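Engineer: Below is one structure. I have some questions about it.
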């Protein structure tokens, strides 16, 4: 591990996707610090101050993005990759299946899956509302799906090693994680937060497996994926790839604030996911008043955002107030979708990335 701190963030919520029933509860959200450093041996970027004891995933954890047509299209693309690599005769396990949307999407298309996630809220008997454990399954699967899981695990190489040690030779694994190269190249520093202890690049992830079948980037380059032979996992070492150095974000935030043009002074953030929650707290350091966060997920609407205490509202609820307002759009993938919703309103949409 190098001692150079790539990025630091002090006193931000440990959960960005957890919403709160009252403003007071939101403002009292548990907070932690981020100090990103890079492992010399594996190249992995991680938060060296991360404490998993601060995190408790429950039903107030709301990270479902499938209310957006753009994200549904992304999930459809992921499903195609899954189906062409893992036939219906194979059995699989999705670890960290969230609210179960993708799990049920792939299952309905013919995949034979079981799932595990403590934040699951539905009644699908094939999903267990617990963390995955080998003791829970009778037969070893032919493949695993890990979508946006490894970035949350304090010791990802140890976790993969434990999976590999128990699996049969030839067991495949599909991994999807955020791409740290995209974060850095797009100044997307709001995409760095406590929930994500690890930050992967394509070469770091690929370097952990001797046998790979398919890899690439999708969702506007924000995510990367890899399909590999899980039994060929080896803790990566002797990394010779890119080294990251200290990130400064002050100038970029200042440049974004200059894009505010409306005279009303009203400012909103579109997107109450991890990006929007983090960005709202970043802006509070610049003494900028935000009216609310806008989100299409009904489970977030009527709730409050961690630390900032800002209300989270539905698009339809806020349309009348958007006239002559500035709206920071947290994800460029959703920009066209949002433009179509506000095409009759005089609003200044500012794409953050």
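Please treat every number below as a calculation from the coordinates, not as lab data. All values reported here derive from a predicted model rather than from experimental measurement. Virtual Cβ from ideal backbone geometry, glycine too; neighbours counted across all protein chains shown.
Engineer: Can you divide the C-alpha Rg of region 1-53 by 2.2 N^0.38 Å and report the result to two decimal places? Spell out each step's value before the answer.
Structural biologist: Numbers: Rg = 14.0 Å, N = 53, 2.2 N^0.38 = 9.9 Å.
The value comes to 1.41.
Engineer: Starting from the Cα gyration tensor of region 213-353, take the square roots of the eigenvalues, sort them a ≥ b ≥ c, and report rounded, prolate or oblate (rounded when a/c is under 1.5, otherwise prolate if a/b is larger than b/c, else oblate).
Structural biologist: Prolate is the answer for region 213-353, as a/c is 1.5 or above and a/b outweighs b/c.
Engineer: Calculate the FRET efficiency for residue 162 and residue 316 from the Cβ-Cβ distance with a Förster distance of 35 Å, rounded to the nearest 0.05.
Structural biologist: 0.15
Engineer: With 10 Å bins from zero, work out the P(r) of region 102-238 over every alpha carbon pair and list the percent per bin.
Structural biologist: 11, 39, 37, 12, 1
Engineer: Can you give me the distance in nm between label points at residue 133 and residue 4, each placed 7 Å from the Cα along the Cα-to-Cβ direction?
Structural biologist: Simple spin-label model gives 4.3 nm for this pair.
Engineer: Continuing with this model, one more query. Cα atoms only: what Rg and Dmax, in Å, come out for region 68-120?
Structural biologist: Every Cα atom of region 68-120 included, Rg and Dmax give 11.0, 31 Å.
Engineer: A follow-up question, please. Report the extension gain between residue 210 and residue 70 in nm, rounded to one decimal, defined as 0.36 nm multiplied by the number of residues separating them, less their alpha carbon distance.
Structural biologist: Length difference between fully extended and current span is 47.0 nm.
Engineer: Right, something else. Could you tell me how many degrees, from 0 to 90 and to the nearest 10, lie between the Cα long axis of helix 156-166 and the main elongation axis, the longest principal axis, of the Cα atoms of the chain?
Structural biologist: So the inclination is approximately 30 degrees.
Engineer: If packing is taken as the mean number of other Cβ atoms within 10 Å per residue, what is the order of 205-217, 6-18, highest first?
Structural biologist: Ranking, from highest mean packing down: 6-18, 205-217.
Engineer: Can I ask one more? Please give the calculated 222 nm ellipticity per residue for the chain, where each DSSP H segment of at least 4 residues contributes -39500 (n - 2.57) and the sum is spread over every residue; nearest 500 deg cm²/dmol? Let's see the in-between values first.
Structural biologist: On the way: 10 runs with 82 residues, N = 353.
Roughly -6500 deg cm²/dmol at 222 nm, from the helical runs in the chain.
Engineer: Here's a follow-up. Report, in degrees rounded to the nearest 10, the 0 to 90 angle that the Cα long axis of helix 274-284 makes with the longest principal axis of the chain.
Structural biologist: 40
Engineer: Turning to a different aspect of this structure: Mind ordering 274-281, 49-56, 244-251, 87-94 by average Cβ neighbours within 10 Å, highest first?
Structural biologist: Descending packing order for the listed peptides: 274-281, 87-94, 49-56, 244-251.
Engineer: Along each principal axis of its Cα atoms, how long is the chain end to end? Whole angstroms, biggest number first, please.
Structural biologist: 64, 46, 34
Engineer: So how tilted is helix 69-85 from the main axis of the chain? Cα-based, degrees 0 to 90, rounded to 10.
Structural biologist: It is inclined by approximately 10 degrees.
Engineer: Considering only DSSP beta bridges whose two residues both sit in region 250-351, what percent are antiparallel, to the nearest 5?
Structural biologist: About 10 percent, rounded to the nearest 5.
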